[in-house]
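So the structure is just underneath, and the comments pick up after that.
Computed from the coordinates by the stated procedures, all read-outs in this text should not be read as laboratory data. Please read these numbers as outputs of a predicted model, since none were measured by experiment. Note: ideal-geometry Cβ built from the backbone for every residue, glycine included; neighbour counts use all protein chains shown.
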Amino acid sequence: MNVITAAMELVDTTAGVPYPAADPFGEAVVGFDHDESEEQDWQERALCAQTDPEAFFPEKGGSTREAKRICSGCEVRAECLEYALSHDERFGIWGGLSERERRRLRRAVG
């Protein structure tokens with residue numbers, strides 16, 4: 001099993017051997033099964049990337065209506081929601097859901 005330590009080292013806990021989590025230039029993290037190019041692909045196609053990002057991160061008590069309207073027509077809504085759930089995004093509208101709605105979804109599924 002691999003874990004990232006507070007010192008940003010990727011450690012194989014079965015062998016106890018640390019590996020750098022990233023090279024000195026901040027390039028790809030070693031040892032992850034995560035395909036970064038796929039992530040960038042859906043993010044580039046997202047409608048929110050073409051609009052004002054402030055709509056997706058409203059002030060507390062602010063309206064989420066405009067962001068949710070944009071999300072409703074977005075072709076990568078499912079990928080966005082999956083990303084938010086897997087990365088425990090705490091703020092903003094992701095995949096058409098607010099943090100409160102994502103919490104409810106996690107409880108209902110889990």
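The table that follows gives values for the structure above.
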read-out: From ARG90, ARG65, ARG77, residue being more than 22 Å from VAL109 (Cα to Cα) and of a type in the set (D, E, K, R); value: ARG65
read-out: Hits in the stretch 67-84 (condition: within 15 Å of LEU47 (Cα to Cα) and buried (at least 16 other Cβ atoms within 10 Å of the Cβ)); value: ALA67, LYS68, ILE70, CYS71, CYS74, VAL76, ARG77, GLU79, CYS80, LEU81
read-out: The one condition in (1) surrounded by 14 or more Cβ atoms within 10 Å (Cβ to Cβ); (2) on the phi < 0 side of the Ramachandran plot that HIS87 fails to fulfil; value: (1)
